[in-house]
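Q: This structure is in structure tokens; I'll ask about it shortly.
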Amino acid sequence: EIAGALFNVQPWNIVTAYDAASGKVLWRYDPQVPTRFGRLACCDIVSRGLAVWHGKIYVATLDGRLIALDARSGKPVWSVLTVDNRKNYTITGAPRVYGGKVLIGNGGAEMGVRGYVTAYDAETGKQAWRFYTVPGDPAKMPEGAASDSVMAKAAKTWTGEWWKAGGGGTVWDSLAYDPALHLVYIGVGNGSPWAQTFRSPGGGDNLFLASIVALNVDTGHYVWHYQTTPGEEWDYTATQQMILADLRIGGKVRKVIMQAPKNGFFYVLDRKTGELLSAKTTVPINWATGIDMKTGRPIENPAVRYGKVPVLVSPGAGGAHNFNPMAYSPLSGLVYLPVSETYMGYAAADSFDPAHPGLGTSFAGYDAERKKISEYADAHSRGWLSARNPVTQKEVWRTPDEQKGSGGGRASAGKRGGQGNIATTFAAYRADTGKKVWQMPVQQVPIAAPITYMLDGVQYIAVNAGWGGGLAHVERSNYSRLFIGKPRLLVFKLGGTAKLPPMPRESVEVPELSPPPKLTATDDVVARGEQLYGQNCALCHGVAARGGVKDLRHLSPQTHADFLAIVLGGKRAANGMASFADVLTQDQAEAVHQYLIARANQDWDH
Ligand code: CA
């Protein structure tokens with residue numbers, strides 16, 4: 001909130017300024033992101049927020065631009081391209097302004113990119129520094145980047161020709177800043193490809209994947225790092241939100257940084273030195289039995305390093321905690337974080353070609369093993385809002401609703417916290433006990449975290465009520481008839497009298513389902529289609545075509561007729577379904593179609 005205005009960002013990075021008291025639209029800015037970039041976003045065309053600094057609003061776009069807008073008019077002041085558009089980069093994270101510099105990372109570690117963070121002068125857009133999170137081609141070092149001084153050390157933890165596949169390590173969400181220490185903290189993502197056997201065949205820690213790295217804000221130079229998951233191969237990003245706080249631990253006040261990354265541990269580190277102070281699990285997991293406090297390394301379960309036979313791993317790729325923000329209240333001394341207990345089967349692909357980037361994993365074959373894993377996962381997956389004492393590392397209370405898919409949490413000085421949840425309500429809880437003190441049905445799942453602001457002595461709570469992103473893709477396989485309504489920005493205040501208008505019918509109702517066409521293809525064609533589907537489609541449309549951004553078991557007769565025109569011809573590119581003509585031949589696209597017809601027939605009775 002700035003000068004009585006509330007700024008919001010929605011899919012395709014469209015920015016809107018509202019009068020923060022009345023909701024009247026002041027201006028709207030559409031950066032005109034080409035819809036073909038939708039194909040490159042692993043986990044939906046999401047946007048995680050804006051930055052505000054000295055009369056400017058900063059937005060990063062899916063196609064890799066960083067744009068400064070005039071906060072009063074919404075007109076662009078400067079714009080820079082922060083990625084190489086010939087590679088599979090996207091940006092879904094929010095920029096942050098620290099020490100007069102605007103920092104931005106990127107995404108694409110599911111598609112063969114090399115992660116980095118860039119700092120630009122907030123006034124002019126001139127580049128100040130760039131820090132790469134993983135080493136590049138040793139023949140091309142040094143590369144004139146802030147990371148040069150530490151890349152040789154990082155390269156010692158990689159083997160083979162890792163740079164050909166990008167390496168990953170994208171910083172797609174969390175950054176934090178301590179102005180007194182002059183340090184910027186970056187949360188680094190997963191490896192690319194996922195399977196370490198293809199990424200770094202001789203093993204190794206693969207720095208700085210899945211790490212928190214502290215950098216000097218002026219120069220971008222390396223100061224310290226802590227790696228949460230050495231040699232990660234389960235999509236265990238450490239990009240989750242980081243909280244800085246002063247905690248009394250062992251009789252001493254420590255300046256800490258806290259993170260609950262995907263891997264299921266809750267870490268408390270000294271933010272000046274990177275010293276590990278404590279680490280405990282937030283949910284049941286099987287990939288590690290604990291953290292060795294002498295070395296700071298996980299005690300890994302060797303059974304979760306996968307080959308071609310699928311193995312059950314917990315957490316799954318969605319993580320025990322994902323992008324949904326967590327909150328800390330110095331009043332209650334508690335951290336509020338949405339957690340998930342998840343399970344997933346992982347298996348390596350037969351082969352991997354860096355020229356065709358992907359996960360290096362397989363989602364096909366070994367039907368009996370996969371069935372066992374998915375039955376176990378379905379029976380044991382759950383999620384809740386967890387209130388945690390970061391000093392004792394104990395959960396103090398949790399919300400009773402244990403379905404996955406709820407939103408981020410927010411602490412408030414009024415001894416209450418708020419969260420949107422999977423039951424399509426927005427609720428407030430007592431911060432100390434977790435007692436629900438208020439809730440309102442909002443017709444949608446507010447999956448984003450709420451914010452709060454004061455205006456003329458009145459406190460407001462604002463939340464985006466809409467359900468999307470990677471987790472929603474997966475969960476749609478369980479609640480396929482829910483939450484397709486249009487997203488909304490909701491603003492609350494004490495004594496507010498506005499009534500929520502009903503969701504327009506056309507945005508709520510699922511179109512009537514038609515029986516699938518009869519399957520005529522041979523088993524061979526269907527099996528080939530299954531392989532191709534796993535390599536090219538599963539990330540957005542769900543493993544085994546369950547769930548996803550659109551459930552492909554439910555194609556209308558028209559979509560069946562248009563299948564090749566959509567997949568190869570780009571007929572639905574305006575909706576974000578770009579052409580795959582550069583990856584699939586007509587024969588291959590037809591095999592994928594036959595596989596989907598087979599899946600639709602298998603599941604039609606259900
Ligand atoms: Ca990832």
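Q: Compute the distribution of all C-alpha to C-alpha distances in the chain, in bins of 10 Å from 0, and list the percent of pairs in each, rounded to whole numbers.
A: 3, 17, 28, 29, 17, 5, 0, 0
Q: For the range 108-230, what percent of Cα pairs sit more than 21 Å apart?
A: Working: 2536 of 7503 pairs.
In whole percent, the share of Cα-Cα pairs in the range 108-230 beyond 21 Å is 34.
Q: So what is the accessible area of the range 287-396 per residue, in Å², with the probe set to 1.4 Å? Provide the component values of the computation, followed by the final result.
A: On the way: 4830 Å² over 110 residues.
For the range 287-396, the per-residue accessible area is 44 Å².
Q: Starting from the range 129-219, pick out the trypsin sites (Lys or Arg not before Pro) whose DSSP state is loop and whose Cβ has at most 15 other Cβ atoms within 10 Å. Walk me through the intermediate numbers first.
A: Numbers: sites: 130, 140, 153, 156, 164, 199; in loops: 156.
Hits after loop and neighbour filter: 156.
Q: With +1 on each Lys and Arg Cβ and -1 on each Asp and Glu Cβ, and nothing else charged, work out how big the dipole of the chain is about its Cα centre, in Debye to the nearest 20.
A: The calculation lands at about 1640 debye.
Q: OK, next. Consider just the alpha-carbon atoms of the range 271-394 and return their Rg together with their Dmax, both in angstrom.
A: When restricted to Cα atoms, the range 271-394 yields Rg and Dmax of 17.5, 53 Å.
Q: Give the Debye-formula value of log10 I(q)/I(0) at each listed q (0.11, 0.18 Å⁻¹), with one equal scatterer per alpha carbon of the range 216-352, two decimals each.
A: -0.45, -1.06
Q: Through the Karplus equation 6.51 cos²θ - 1.76 cosθ + 1.60, θ set to phi - 60°, convert the phi angles of the range 212-221 into ³J(HN,Hα) values in whole Hz; use x for Gly and Pro.
A: Each residue's phi maps through the Karplus curve to give 9, 10, 9, 10, 6, 5, 6, 10, x, 6 Hz.
Q: Further question: Compute the orientation-averaged projected area for the range 57-124 from the convex hull of its Cα atoms and round it to one decimal in nm².
A: Values: hull surface 17.8 nm².
Result: a mean projected hull area of 4.4 nm².
Q: Going from the alpha-carbon gyration tensor of the range 531-606, what semi-axes, largest first and in whole Å, does one get by taking the root of 5 times each eigenvalue?
A: Working: eigenvalues 68, 35, 31 Å².
Equivalent-ellipsoid dimensions as semi-axes: 18, 13, 12 Å.
Q: With the full set of protein chains in place, find how many percent of the accessible area of the chain is carbon and sulfur; take the probe as 1.4 Å.
A: Working: 13680 of 25680 Å².
C and S fraction of accessible area: 53 percent.
Q: Right, something else. Net charge within 12 Å of residue 204 by Cβ-Cβ distance, Lys/Arg positive one each and Asp/Glu negative one each, not counting residue 204 itself? It would help to have the intermediate numbers written out before the result.
A: On the way: positive: 156, 199; negative: 205, 232, 233.
Net local charge, residue 204 excluded: -1.
Q: Now for a separate question. Which value, in Å², gives the accessible area per residue of the range 1-107 when a 1.4 Å probe is used on the protein heavy atoms? Provide the component values of the computation, followed by the final result.
A: On the way: 4240 Å² over 107 residues.
Heavy-atom accessible area per residue stands at 40 Å².
Q: Turning to a different aspect of this structure: Restricting to DSSP H runs of at least four residues, report the calculated mean residue ellipticity at 222 nm for the chain, -39500 (n - 2.57) per run over all residues, nearest 500 deg cm²/dmol.
A: Details: 10 runs with 83 residues, N = 606.
-3500 deg cm²/dmol, from helical runs alone.
Q: What does the charge count around residue 300 come to, taking other residues whose C-beta lies under 13 Å from its C-beta (Lys +1, Arg +1, Asp -1, Glu -1)? Please list the in-between numbers first.
A: Details: positive: 297, 305; negative: 205, 232, 233, 292.
Charge balance near residue 300 sits at -2.
Q: Now, a different point. Along the range 489-501, what does the Karplus equation 6.51 cos²θ - 1.76 cosθ + 1.60 (θ = phi - 60°) give for ³J(HN,Hα), rounded to whole Hz, x for Gly and Pro?
A: Karplus values, whole Hz, x for Gly and Pro: 8, 10, 10, 10, 8, 4, x, x, 10, 5, 9, 6, x.
Q: Another question, if that's okay. Could you tell me the largest-minus-smallest coordinate of the C-alpha atoms of the range 325-455 on each of the three principal axes, in descending order and whole angstroms?
A: Answer, in whole Å and largest first: 57, 38, 34 Å.
Q: Say R0 is 25 Å: what FRET efficiency, to the nearest 0.05, do residue 124 and residue 244 get from their beta-carbon distance? Can you show the working numbers first?
A: Numbers: r = 28 Å, r/R0 = 1.13.
Computed FRET efficiency for residue 124 and residue 244 comes out at 0.30.
Q: How much of the pair distance distribution for the range 3-141 lies past 28 Å, counting alpha-carbon pairs only, in percent?
A: Values: 1777 of 9591 pairs.
For the range 3-141, the share of Cα pairs beyond 28 Å comes to 19 percent.
Q: In addition: Report the rotationally averaged projected area of the range 146-216 based on its alpha-carbon convex hull, in square nanometres. Write down the numbers at each step before the final one.
A: Numbers: hull surface 19.6 nm².
Orientation-averaged projected area of the Cα hull: 4.9 nm².
Q: Amide H to amide H under 5 Å from residue 56: which residues, 5+ apart in sequence or cross-chain, H placed 1.01 Å off N in plane?
A: 71
Q: When only alpha-carbon atoms count, how far does the range 1-85 stretch along each of its three principal axes, as whole angstroms with the largest first?
A: For the range 1-85, the Cα extents along the three principal axes come out at 37, 23, 17 Å.
Q: Under 16 Å Cα-Cα from residue 394, which lysines qualify once same-chain neighbours fewer than 8 residues away are excluded?
A: Reachable lysines: 280.
Q: So for the chain, taking the charge dipole from beta-carbon charges (+1 Lys/Arg, -1 Asp/Glu), which of 342, 330, 516 sits furthest toward the positive end?
A: Selected residue: 330.
Q: Enter the per residue convex hull volume of the range 120-176, computed from alpha-carbon coordinates, in Å³ rounded to the nearest integer. Let's see the in-between values first.
A: Numbers: hull volume 6.5 nm³, N = 57.
So the per-residue Cα hull volume is 115 Å³.
Q: On to the next question. So which trypsin sites (Lys or Arg not before Pro) in the range 510-555 pass both tests, a DSSP loop state and at most 15 other Cβ atoms within 10 Å of the Cβ?
A: On the way: sites: 518, 528, 546, 550, 553; in loops: 518, 546, 550, 553.
Of the trypsin sites (Lys or Arg not before Pro), the ones in loops of the range 510-555 whose Cβ has at most 15 other Cβ atoms within 10 Å are 518.
Q: Would you mind getting the Kirkwood hydrodynamic radius of the range 245-321 from its Cα pairs, rounded to one decimal in Å? List each step's numbers first, then the result.
A: On the way: mean 1/r = 0.0725 Å⁻¹.
About 13.8 Å, per the Kirkwood formula over Cα pairs.
Q: Given the alpha-carbon gyration tensor of the range 520-569, what are the semi-axes of its equivalent ellipsoid in whole angstrom, ordered largest first, with each equal to the square root of 5 times an eigenvalue?
A: With the √(5λ) rule applied to the range 520-569, the semi-axes are 16, 16, 11 Å.
Q: Modelled label-to-label distance, residue 30 and residue 439, 7 Å Cα→beta-carbon offset: nm?
A: Result: 3.7 nm between the two label points.
Q: Moving on to the next point. Quick one: net charge of residue 192's neighbours, Cβ under 12 Å, K/R +1, D/E -1?
A: On the way: positive: 87, 114, 164, 199; negative: 110, 232, 233, 235.
Cβ neighbours under 12 Å give a net charge of 0.
Q: I've got another one for you. Measuring with a 1.4 Å probe in the full set of protein chains, what accessible area per residue, in whole Å², belongs to the range 481-600? Spell out each step's value before the answer.
A: Working: 6890 Å² over 120 residues.
Dividing the accessible area of the range 481-600 by its residue count gives 57 Å².
Q: Please identify the trypsin sites (Lys or Arg not before Pro) of the range 256-306 that satisfy two criteria: DSSP loop assignment and at most 14 other Cβ atoms within 10 Å. Which are they?
A: Details: sites: 262, 271, 272, 280, 294, 305; in loops: 262, 271, 272, 294, 305.
Answer by residue number: 294.
The values are calculated or read from the model by the stated rules, or taken from the named source; none is laboratory data. Fair warning: this is a prediction, and the values are worked out from it, not measured in the lab. Here Cβ is always computed from backbone atoms with ideal geometry, including for glycine, and neighbour counts include all displayed protein chains. Surface accessibility is based on the protein's heavy atoms, side chains included, excluding ligands, DNA and RNA. Shrake-Rupley method; radii C 1.70, N 1.55, O 1.52, S 1.80 Å.
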